[in-house]
């Protein structure tokens, strides 16, 4: 095993001989010099993993030596050792990008701790990550045998998502495949759980024995603020937002807001025309069709036209609940960067707005775009990279700048949620149907639909699932786990084309278990 090489720079190096022997015994290889000039020469000619640098030396001092070392190798970690506890000196050292500092006299144990923290923290934490995950692996496996409830499934999904993100930081532990297989097993059991219980949930909405569903979210999480808050209420619906993507985004918002997270289950199918309309209307799709036929009846089957009346549905929900606003309901849909930048620039003009709903479509466009773009597939070949792509987008987005602006508004509150998530589809399911059937990959409606029941739920009577009837002979199929529908015609072509794409509409933890976030500005 290769030893880590340390350079120790101190003009009183003989007084530190016991420390150096101690580090040698612990497996480190330590070279020594007594002045800054020699230290710079050593760094020019040799590779070191860590430098201990005395701040007070004859000739060039520690800070100047540090500057020259960083010019040669800006990535080498340097620990400054000083007799002074002056705050200004510490600021100068930290500003010069030291990795740590120690105050003389230093103990061997302090030196060892710094070495381990800088040189071995990844390895040590990786060992603990592996141990902790295997404990959770066994706990999740045990939970699957205990007939998990809807709240247990939320807990399981949270654990799996947190481990997904933890393993992003520790690829060296080699547990990614184990986690992937466990997620696959969990989604298999989760699909059975939903298939068994879903009809009972939608018939008992509001009961303590069923999860919160899409139809309840706006009334439960948004409306109570309308009568209590002294500032504006912003309701953001980020289309196709997965829990892991939110956790990536949340890191950039913690300093701006006090954040509270809850979770709910999307209705089926987990697709925009159904779940988002239900989110704004507070009604199931069949109820929207029944009560507002003038709205539903003018919609076509593509996703854009099916969501033309979100503002009207939300206003109708306010009217039904007898909620009066101080001024007109505001609504904006951000469908491209230009609209996003315009909203960012004007958001502070809504200080006096009582209630504003904002739909953000960017993540949905990434998910759809990745199916058609080899470049996006190259950039985001797997879920870890998909999270990284989300982080990169959000970090530089007008949406983050919009949140920053809202955070400056006194008493502002922000509720963020999504209509559905997405899943990386890896297995094709052959489906038969007539040419009028809908083209969706994770759900379909049409006549004479046939698919293996292991891969999908078959819905003979749409009203049983509170879905629009559409005609006497229309059926629905909704895919389970990570399956996507492929017709027999050109089967292998489309099987290959849509494999490993992010889709929504079906039954999986990633699509159905969704965050709802409440944020209060800290000003």
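What the table shows:
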read-out: Qualifying residues in the range 498-523 (those that are touching a helix residue (DSSP H, G or I) at 6+ places or on another chain (Cβ under 8 Å) and closer than 15 Å to residue 439 by Cα) - the one surrounded by the fewest Cβ atoms within 10 Å (Cβ to Cβ); value: 498
read-out: Residue count for the range 325-340, restricted to those that are outside any helix (DSSP H, G or I), in contact with a strand residue (DSSP E or B) (Cβ under 6 Å, 6 or more places away or on another chain) and closer than 17 Å to residue 360 by Cα; value: 5
read-out: The range 54-81, residues that are touching a strand residue (DSSP E or B) at 6+ places or on another chain (Cβ under 7 Å) and in a helix (DSSP H, G or I); value: 62, 65, 66, 69
read-out: Criterion violated by residue 72 - all others in (1) more than 22 Å from residue 120 (Cβ to Cβ); (2) at pLDDT below 90 satisfied; value: (2)
read-out: First in the range 110-134 and outside the structural domain of residue 20 (by TED's automatic domain parsing) and within 14 Å of residue 174 (Cα to Cα), second anywhere and in a helix (DSSP H, G or I) and modelled with pLDDT of 90 or more, Cβ under 7 Å, 6 or more apart; value: 129/166; 133/163
read-out: Search result, residues across the range 391-406 that are closer than 17 Å to residue 254 by Cα, part of a helix (DSSP H, G or I) and in contact with a helix residue (DSSP H, G or I) (Cβ under 8 Å, 6 or more places away or on another chain); value: 391, 394, 399, 400, 401, 402, 405, 406
read-out: Matching option when the condition is without any contact (Cβ under 8 Å) to a residue 12 or more places away in the chain, farther than 30 Å from residue 467 by Cβ and assigned to a helix (DSSP H, G or I), among 181, 172; value: 181
read-out: Qualifying residue in the range 205-225 (condition: part of a loop (DSSP other than H, G, I, E, B) and within 22 Å of residue 334 (Cα to Cα)); value: no
read-out: Any chance residue 43 is in contact (Cβ under 8 Å) with a residue 24 or more places away in the chain, part of a strand (DSSP E or B) and touching a helix residue (DSSP H, G or I) at 6+ places or on another chain (Cβ under 7 Å); value: no
read-out: Among (1) outside the structural domain of residue 283 (by TED's automatic domain parsing); (2) crowded, with 22+ Cβ neighbours inside 10 Å; (3) assigned to a helix (DSSP H, G or I), the one test that residue 370 misses; value: (1)
read-out: Answer from 311, 352, 322 - the residue that is at pLDDT 85 or above and in a helix (DSSP H, G or I); value: 311
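The values are calculated or read from the model by the stated rules, or taken from the named source; none is laboratory data. Fair warning: this is a prediction, and the values are worked out from it, not measured in the lab. As a convention, Cβ positions derive from the backbone with ideal geometry for all residues, glycine included, and neighbour counts pool all protein chains shown.
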